[in-house]
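Here the structure comes first, spelled out in structure tokens, and everything after it is commentary.
The values are calculated or read from the model by the stated rules, or taken from the named source; none is laboratory data. Just so you know, these numbers come straight off a predicted model, no measurement behind them. Cβ placement follows ideal geometry from the backbone for every residue including glycine, while neighbour counts extend to all protein chains displayed.
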Amino acid sequence: MYHQLSRTLLKKLSIDVKLIHNRSFVRIVEVGPRDGLQNEPVNVPTKVKIEFIDKLSETGLKSIEVTSFVSPKWVPQMKDSAEVYSGIKKRDDISYPVLVPNVKGMESAMKVGVKEIAVFASASEGFSQKNTNCSTQEGINRIKEIIDIAIKANIKVRGYISCVVGCPYDGQVHPSSVTKVTEALLSHGCYEISLGDTIGVGTRATIESLIKDLLNITTADKLAIHCHDTYGQALVNICIALEYGIRVVDSSVSGLGGCPYARGATGNVATEDLVYMLNGMGIDTGIDLKKLVEVGRYITDFIKKATCSKVNNALYSKYSK
Ligand SMILES: CC(C)(COP(=O)([O-])OP(=O)([O-])OC[C@H]1O[C@@H](n2cnc3c(N)ncnc32)[C@H](O)[C@@H]1OP(=O)([O-])[O-])[C@@H](O)C(=O)NCCC(=O)NCCSC(=O)C[C@@](C)(O)CC(=O)[O-]
């Protein structure tokens, strides 16, 4: 039944079902504890963050972005990053990256023994200035400094590019700007680039044109997709990415989140909705949807917000009977 529904939906979206089915596993990068909470006005206590992440670790996720070592003046919610990272139960089969904006953040992250970091740059100048107080090129230079340290310390580095199709300050973003930043981050040593539709304005057409351009300079196994769901296009855009061979997708449990420097942008695609869709396509994620639904409830109950996941809403009452 579920499979049939998904197939019908995909046909309507004219997405090649066979192409997608050839790819049997998708790695989900859960960004709820970082991207999800960073914009949250309610102060989430350290012990709740730790419990949240520990619960996520029990769902089958293989990658959980835990926190960010950014300036607490810029993002107060992330001020307890060292305590959070040190407090969580780390499993050997899960990667726990943290976001790092500069050498200062890198040094703090290394003090608590991180094994993977994520760096971030913007394809648009306006967002780069507002988010990191520097131009895109200066941001890339900072990233090079961070990566040089990471390589010596044997720390893996994932790269994000924000505003890959649209910017809240500069408007539409041309794929060539994304291509330029992608080339720079890959050449500096990022093992993968996550394409951030920060304000969720992407559509099937714009995401397809972006990915086609990127595949002229790199391969799909170096790319991930990170869709905010502001305009309800995230799942469609993820399907396009899958169609072009991308197999790493970022999401946030219960659709938490948004960026403090991208006004009006809502959370990421909800992990529950993503897992449900992938299950329907016969694509494995290794994730227990029931456990995920429970974690979504745990955190949204704490911050007193309704879940943004349709799947969570549909399944929660069924599971809790
Ligand atoms: C990059 C900076 C630091 C520049 O900010 P700045 O103000 O230019 O930096 P500064 O070097 O002048 O330092 C200012 C103060 O911050 C301190 N400071 C400086 N760095 C750190 C640090 N690492 N950790 C702790 N403290 C730090 C520093 O010590 C100083 O303190 P003071 O001397 O005034 O007491 C700032 O702009 C910043 O932290 N920006 C991060 C903003 C952010 O976290 N945004 C959200 C994450 S990105 C995102 O969500 C998009 C993504 C990744 O999800 C993908 C997508 O959806 O597109």
Every residue from segment 116-138 that is of a type outside the set (V, I, T), within 9 Å of the ligand (Cβ to nearest atom) and in contact with an Asp or Glu (Cβ under 9 Å, 6 or more places away or on another chain): A118, F127
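Give segment 264-278 a look and list any residue that's in a loop (DSSP other than H, G, I, E, B) and more than 13 Å from the ligand (Cβ to nearest atom), or say none.
G264
If you go through segment 291-300 one residue at a time, do you hit one that is away from the ligand (no atom under 16 Å from the Cβ), within 30 Å of C167 (Cβ to Cβ) and not hydroxyl-bearing (S, T, Y)? Step through it out loud before you land on a result.
Restricting attention to segment 291-300, the residues satisfying the condition of being away from the ligand (no atom under 16 Å from the Cβ) are 291-300.
Filter once more, so that each one left must be within 30 Å of C167 (Cβ to Cβ): 296, 299-300.
From what is left, the residues that are not hydroxyl-bearing (S, T, Y) are 296, 299.
Scanning segment 291-300 turns up at least one residue that is away from the ligand (no atom under 16 Å from the Cβ), within 30 Å of C167 (Cβ to Cβ) and not hydroxyl-bearing (S, T, Y).
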Single residue of segment 68-115 satisfying the filter (closer than 15 Å to N39 by Cα and either at pLDDT below 95 or in contact with an Asp or Glu (Cβ under 8 Å, 6 or more places away or on another chain) (or both)) that is nearest to the ligand (Cβ to nearest atom): L99
Restricting segment 211-245 to residues that are without any contact (Cβ under 8 Å) to a residue 60 or more places away in the chain, in a strand (DSSP E or B) and not β-branched (V, I, T), the residue that is surrounded by the fewest Cβ atoms within 10 Å (Cβ to Cβ): L223
